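Read the structure below first, then the notes.
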Amino acid sequence: MLFRSVGVILTFSNVYFDDGLGVPTGRIGFISGFGRLLGVPMSLAIPWMMDRLGSYRFVYLALATIAVLMIPMALIPFWPVAAVALIVINSMGSWRYLSFLTFTMSQVSEKQRSLMSGAGEMAIGAGFGTASFLGGYLIAWYGYRELFLFGAAMTVIGIALFWVAFRRRAAKPVKATA
C-alpha cells in the first residue's frame with residue numbers, strides 16, 4: 001500500500017502528543033524510546049513466533065495489531081491510552097517488517113531475492129513518503145483522529161489485498177535452487 005499506517009504513527013505521533021494532547025517533550029521521548037527498547041525482546045521472539053504461526057500468519061498478526069491499536073489512539077484523546085498504543089506499535093516494528101520480509105523472500109527463488117528486497121524497500125519508502133506528505137494535509141483539513149482512522153483503514157485494506165494476492169501461495173514457499 002502506498003499509504004502506511006506505521007508511517008503515519010512514526011511521522012506524526014510526536015506532533016500529536018505535543019500539539020494534540022499537550023504532553024511534555026521529555027515524556028514523548030521516553031514513550032517513544034520505551035517502545036523501541038521493548039522491540040528488542042520482541043525481536044528475539046520472532047523465530048519462535050514464526051515457527052508457531054508461519055510467516056504468512058505472522059504478517060497478519062503484526063498488521064492487524066497495529067491497525068487495532070490505531071483506533072484507541074484516534075478515538076480516546078487521553079495521553080496514557082495513546083502512549084500504550086504507541087509503545088506497542090513501536091515495539092512491533094520488527095515483527096511487521098521481518099515477518100513480511102521473511103514471507104516475501106520465501107515466495108521467490110534465490111536469484112530474485114535482491115529484486116524482491118529492493119521492490120519491498122521501495123514500496124515501504126513510497127508508503128512512508130505518501131503518509132508523511134498526505135498526513136500533514138489530513139491533519140490540517142480534518143484532524144489527528146481522522147488521520148489515524150484513515151491509517152488504520154488503509155492497513156485493513158492492505159491486509160485484505162495481501163490475503164487476495166497470497167492466500168494460495170502462502171502454503172507453498174519456493175524451494176531454493178542451487
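Summary table below
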{"quantity": "Peptides ranked, highest mean first, by Cβ atoms within 10 Å: ranges 68-78, 156-166", "calculated": "68-78, 156-166"}
{"quantity": "Column: log10 I(q)/I(0), Debye, Cα scatterers of segment 35-91, q = 0.30 Å⁻¹", "calculated": "-1.13"}
{"quantity": "Coarse-grained scattering of segment 70-125 at q = 0.12 Å⁻¹, given as base-10 log I(q)/I(0) from a Debye sum over alpha-carbon atoms", "calculated": "-0.44"}
{"quantity": "Relative contact order (percent, whole number), segment 1-130, Cα cutoff 8 Å, 6+ residue spacing", "calculated": "42 percent"}
{"quantity": "Cα-based equivalent ellipsoid of segment 1-73: semi-axis lengths in Å, sorted from largest, via gyration tensor", "calculated": "27, 16, 9"}
{"quantity": "Calculated [θ] (222 nm, deg cm²/dmol) that DSSP helices of n ≥ 4 give over the chain, each run adding -39,500 (n - 2.57)", "calculated": "-27000 deg cm²/dmol"}
{"quantity": "log10 of Debye I(q)/I(0), alpha-carbon scatterers only, for the chain at 0.16, 0.18 Å⁻¹", "calculated": "-0.97, -1.18"}
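Each value in this text was obtained by applying a stated rule to the coordinates, not by laboratory testing. In this text the structure is predicted, and so the values were computed from the model without any measurement. Heads up, the Cβs are rebuilt from the backbone with ideal geometry, glycines too, and the neighbour counts pull from every protein chain shown.
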